[in-house]
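**Student:** Structure provided below as structure tokens; questions to follow.
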Amino acid sequence: MKTQTRLESKIILPERDIPTEWYNLAADLPGPLEPPRHPATGQPLGPADLAPLFPMALLEQEMSNARFIKIPEPVLDVLTMWRPTPLVRAYRLEKALGTPARIYFKNESVSPAGSHKPNTAVPQAYYNKAEGAKRLVTETGAGQWGSALSMACKFFGMECKVYMVKVSYEQKPYRRALMEAYGAKVSASPSTETNAGRSVLAKDPNSLGSLGIAISEAVEVAGGDPQAHYALGSVLNHVLLHQTIVGEEALRQMKMADDYPDVVIGCVGGGSNFGGIAFPFMRGRLTEGKKTRFVAVEPTACPSLTRGVYAYDFGDAVGIGPMAKMYTLGHDFVPSGIHAGGLRYHGMAPLVSELVSLGHIEAVAYSQVPVFEAALLFAHTQGILPAPESSFAIRAAIDEALRAKQEGQTRTILFNLSGHGHFDLSAYESYLRGDLVNYEHPQEAIECALKNLPKIAA
């Protein structure tokens with residue numbers, strides 16, 4: 001009797017082949033990015049201006065035009081605790097959809113903190129420790145970034161303070177517990193601990209909070225403590241740089257699978273996991289003329305790419321942090337309390353924003369109910385319960401596969417599974433009860449927030 005060959009679903013990159021350099025997309029852009037600007041004067045900022053918040057090594061990466069930047073060995077020593085991560089062919093999802101498309105996902109949920117965020121938390125803690133910082137202060141939405149930085153700080157013997165957006169603080173108590181288990185101190189934002197938090201609460205005592213507000217609190221605390229630095233989990237160039245280890249691994253793994261993506265998909269809040277999976281493949285488009293499409297998926301509750309404007313705006317809600325040119329809904333914008341807390345940011349990474357403006361990235365937006373429907377199909381077929389944020393990418397990947405089926409075409413789809421949903425069970429409970437609500441802000445609410453953009457000639 002002939003033995004049936006079992007399909008191999010996991011493409012495993014040997015640990016010895018882990019990438020040893022990060023890819024810097026800025027080197028392959030047609031021109032330089034607009035510089036960050038001072039929140040009060042509007043003048044361009046240099047490394048010295050940002051030194052109170054960040055170590056010089058990270059600021060050099062932020063401003064660098066080098067195509068590749070070496071990953072320090074102490075950072076690789078930590079990352080190889082779980083890296084390289086698997087690239088998985090989603091055969092069971094393909095079969096359920098009846099599609100001729102080939103669907104792959106990079107499984108970043110296997111990190112100790114459960115998401116892609118340690119890819120930048122570890123180097124940030126390393127560089128800060130090397131420069132003598134004793135503690136790091138940050139914000140977090142759903143808690144994935146806060147968990148990652150808490151873990152990284154523990155590895156390098158540093159203290160960690162986290163301001164967690166209030167709606168997520170209440171929705172996801174086990175995310176908070178994980179941060180505290182790693183040794184972090186966590187406060188709901190807006191809090192009464194800072195001038196920024198108190199000013200927000202004075203206007204709205206019942207504020208749900210936002211990443212912009214939490215950033216204001218973290219920047220204020222870090223800026224007032226000579227032994228502390230601020231750490232950011234998304235948006236900035238050096239953060240997206242660190243995440244490119246994801247796409248660099250995926251490039252090698254797709255070659256092992258003798259395949260190459262026609263479309264690369266990632267969810268977007270500030271842009272870190274999308275940049276991580278997409279930028280190494282974007283290099284092929286920018287420098288070799290490859291025709292790969294790139295799809296950034298955001299929530300209709302916080303649609304910076306699909307309904308925002310490309311302009312200079314503050315990165316935080318109060319306006320004490322640097323300004324960046326990005327797609328924004330206005331720093332005053334407070335999204336509805338969707339369960340994908342990591343996607344509730346008013347702006348988008350400057351690098352992602354520039355690529356959208358140049359037509360290299362397509363942006364789509366989904367409401368959360370169809371996203372959770374896709375998440376459960378993924379769980380039922382592939383066994384992994386995805387984070388609400390990752391589920392936006394899954395929804396888009398499913399729709400791409402269904403279009404391939406309708407058109408009768410094969411198509412290779414790659415998406416980033418940025419994290420698992422084990423601490424998001426209240427969201428799934430809400431969906432299964434039928435309590436989940438679709439949010440879409442009226443245009444007048446967005447226009448109101450956009451009226452308060454800083455006055456600066458971009």
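For (1) assigned by TED's automatic domain parsing to the domain that holds GLY275; (2) part of a loop (DSSP other than H, G, I, E, B), each residue gets a yes or a no:
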| residue | (1), (2) |
| --- | --- |
| ALA404 | yes, no |
| LEU414 | yes, no |
| HIS422 | yes, yes |
| TYR428 | yes, no |
| GLU444 | yes, no |
| LYS455 | no, yes |
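**Student:** Out of the stretch 371-405, which residues are out of contact with any His (no Cβ under 7 Å at 6 or more places or on another chain), among the aliphatic types (A, V, I, L, M) and surrounded by 18 or more Cβ atoms within 10 Å (Cβ to Cβ)? If you could, list the steps in order and put the result at the bottom.
**Tutor:** Going residue by residue through the stretch 371-405, those that are out of contact with any His (no Cβ under 7 Å at 6 or more places or on another chain) are 371-383, 389-405.
Checking which are among the aliphatic types (A, V, I, L, M) leaves us with 371, 374-377, 379, 393-394, 396-398, 401-402, 404.
The answer is VAL371, ALA374, ALA375, ALA393, ILE394, ALA396, ALA397, ILE398, ALA401, ALA404.
**Student:** Let me ask something else about it. Out of the helices (runs of 4 or more DSSP H) lying entirely within the stretch 1-95, which hold 2 or more residues that are in contact with a Leu (Cβ under 7 Å, 6 or more places away or on another chain), at pLDDT below 95 and surrounded by 13 or more Cβ atoms within 10 Å (Cβ to Cβ)?
**Tutor:** On the way: elements: 47-50, 56-63, 73-79.
Passing ranges, in order: 47-50.
**Student:** From the list GLU400, GLU447, exactly one residue is over 30 Å from ARG176 (Cα atoms), of a type in the set (D, E, K, R) and in contact (Cβ under 8 Å) with a residue 24 or more places away in the chain. Which is it?
**Tutor:** Details: GLU447 fails: in contact (Cβ under 8 Å) with a residue 24 or more places away in the chain.
Sole residue among the options that is over 30 Å from ARG176 (Cα atoms), of a type in the set (D, E, K, R) and in contact (Cβ under 8 Å) with a residue 24 or more places away in the chain: GLU400.
**Student:** Identify all residues within the stretch 102-143 that are β-branched (Val, Ile, Thr) and either in the same structural domain as VAL167 (by TED's automatic domain parsing) or crowded, with 24+ Cβ neighbours inside 10 Å (or both); write none if there are none.
**Tutor:** First pass over the stretch 102-143, keeping only residues β-branched (Val, Ile, Thr): 103, 110, 120, 122, 137-138, 140.
Across the stretch 102-143, the qualifying residues are ILE103, THR120, VAL122, VAL137, THR138, THR140.
**Student:** Of all residues in the stretch 306-333, how many are aliphatic (A, V, I, L, M) and surrounded by fewer than 24 Cβ atoms within 10 Å (Cβ to Cβ)? Reasoning before the result, please.
**Tutor:** We begin by selecting, within the stretch 306-333, every residue aliphatic (A, V, I, L, M); these are 309, 311, 317-318, 320, 323-324, 326, 329.
This time we only want the ones that are surrounded by fewer than 24 Cβ atoms within 10 Å (Cβ to Cβ), so: 309, 311, 318, 320.
Total satisfying the criteria: 4.
**Student:** Does LEU178 satisfy the condition of being in contact (Cβ under 8 Å) with a residue 40 or more places away in the chain, in contact with a helix residue (DSSP H, G or I) (Cβ under 7 Å, 6 or more places away or on another chain) and outside any helix (DSSP H, G or I)? Give the derivation first.
**Tutor:** Working: in contact (Cβ under 8 Å) with a residue 40 or more places away in the chain: yes; in contact with a helix residue (DSSP H, G or I) (Cβ under 7 Å, 6 or more places away or on another chain): yes; outside any helix (DSSP H, G or I): no.
No: the conditions fail for LEU178.
**Student:** On to the next question. If you take the residues in the stretch 406-427 that are under 16 Å from ARG175 (Cα atoms) and of a type outside the set (A, V, I, L, M), which one is surrounded by the most Cβ atoms within 10 Å (Cβ to Cβ)?
**Tutor:** Taking the stretch 406-427 first, the residues under 16 Å from ARG175 (Cα atoms) are 418-427.
With of a type outside the set (A, V, I, L, M) added as a condition, the list becomes 418-424, 426.
On the way: SER418: 33, GLY419: 30, HIS420: 20, GLY421: 23, HIS422: 14, PHE423: 22, ASP424: 28, SER426: 14.
Residue satisfying both the conditions and the ranking: SER418.
**Student:** Any idea which residue in the stretch 403-428 is nearest to LEU178 (Cα to Cα), counting only those that are touching a residue at least 24 places away in the same chain (Cβ under 8 Å) and more than 22 Å from the chain's Cα centre (by Cα)?
**Tutor:** THR412
Per-residue answers, yes or no, for (1) under 26 Å from VAL219 (Cβ atoms); (2) of a type outside the set (A, V, I, L, M, F, W, C):
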| residue | (1), (2) |
| --- | --- |
| ASP262 | no, yes |
| THR287 | no, yes |
| SER304 | yes, yes |
| MET323 | yes, no |
| TYR327 | yes, yes |
| ALA340 | yes, no |
| ARG344 | yes, yes |
| MET348 | yes, no |
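**Student:** Right, next: Can you pull out the residues in the stretch 348-364 that are touching a Leu at 6+ places or on another chain (Cβ under 7 Å) and in a helix (DSSP H, G or I)?
**Tutor:** Narrowing the stretch 348-364 to residues touching a Leu at 6+ places or on another chain (Cβ under 7 Å): 348-351, 354, 356, 361, 363.
Within the stretch 348-364, PRO350, LEU351, GLU354, VAL356 meet the criteria.
**Student:** I'd like to know if the stretch 54-74 contains one or more residues that are basic (Lys, Arg), under 24 Å from the mean Cα position of the chain (by Cα) and within 27 Å of ILE384 (Cα to Cα). So that I can check it myself, show each step before the final result.
**Tutor:** Within the stretch 54-74, the subset basic (Lys, Arg) is 67, 70.
Filter once more, keeping what is under 24 Å from the mean Cα position of the chain (by Cα): 67, 70.
So of that shortlist, the ones also within 27 Å of ILE384 (Cα to Cα) come out as none.
No: zero hits.
**Student:** Tell me, please, whether a residue that is surrounded by fewer than 21 Cβ atoms within 10 Å (Cβ to Cβ) and at pLDDT 95 or above can be found in the stretch 434-447. Step through it out loud before you land on a result.
**Tutor:** So in the stretch 434-447, the residues surrounded by fewer than 21 Cβ atoms within 10 Å (Cβ to Cβ) come out as 434-447.
Okay, now just the ones that are also at pLDDT 95 or above, so none.
Within the stretch 434-447 (the criterion being surrounded by fewer than 21 Cβ atoms within 10 Å (Cβ to Cβ) and at pLDDT 95 or above), the answer is no, since none of the residues qualifies.
**Student:** Select from the stretch 205-247 the residues that are modelled with pLDDT under 95, under 17 Å from the mean Cα position of the chain (by Cα) and part of a helix (DSSP H, G or I) and list them in ascending order.
**Tutor:** Passing the criteria: LEU211, GLY212, ALA214, ILE215.
**Student:** Of the residues GLY146, GLY183, GLY157, which is assigned to a helix (DSSP H, G or I) and either modelled with pLDDT of 95 or more or crowded, with 24+ Cβ neighbours inside 10 Å (or both)? Write out each step before concluding.
**Tutor:** Values: GLY183 fails: assigned to a helix (DSSP H, G or I); GLY157 fails: assigned to a helix (DSSP H, G or I).
Answer to the selection: GLY146.
**Student:** Determine, yes or no, whether VAL268 is under 17 Å from the mean Cα position of the chain (by Cα), modelled with pLDDT of 95 or more and more than 23 Å from THR138 (Cα to Cα).
**Tutor:** Numbers: under 17 Å from the mean Cα position of the chain (by Cα): yes; modelled with pLDDT of 95 or more: yes; more than 23 Å from THR138 (Cα to Cα): no.
No: the conditions fail for VAL268.
The values are calculated or read from the model by the stated rules, or taken from the named source; none is laboratory data. Owing to the predicted nature of the structure, the values given are computational and were not obtained by experimental measurement. All Cβ positions, even for glycine, are placed from backbone atoms using ideal geometry, and neighbour counts span all protein chains on display.
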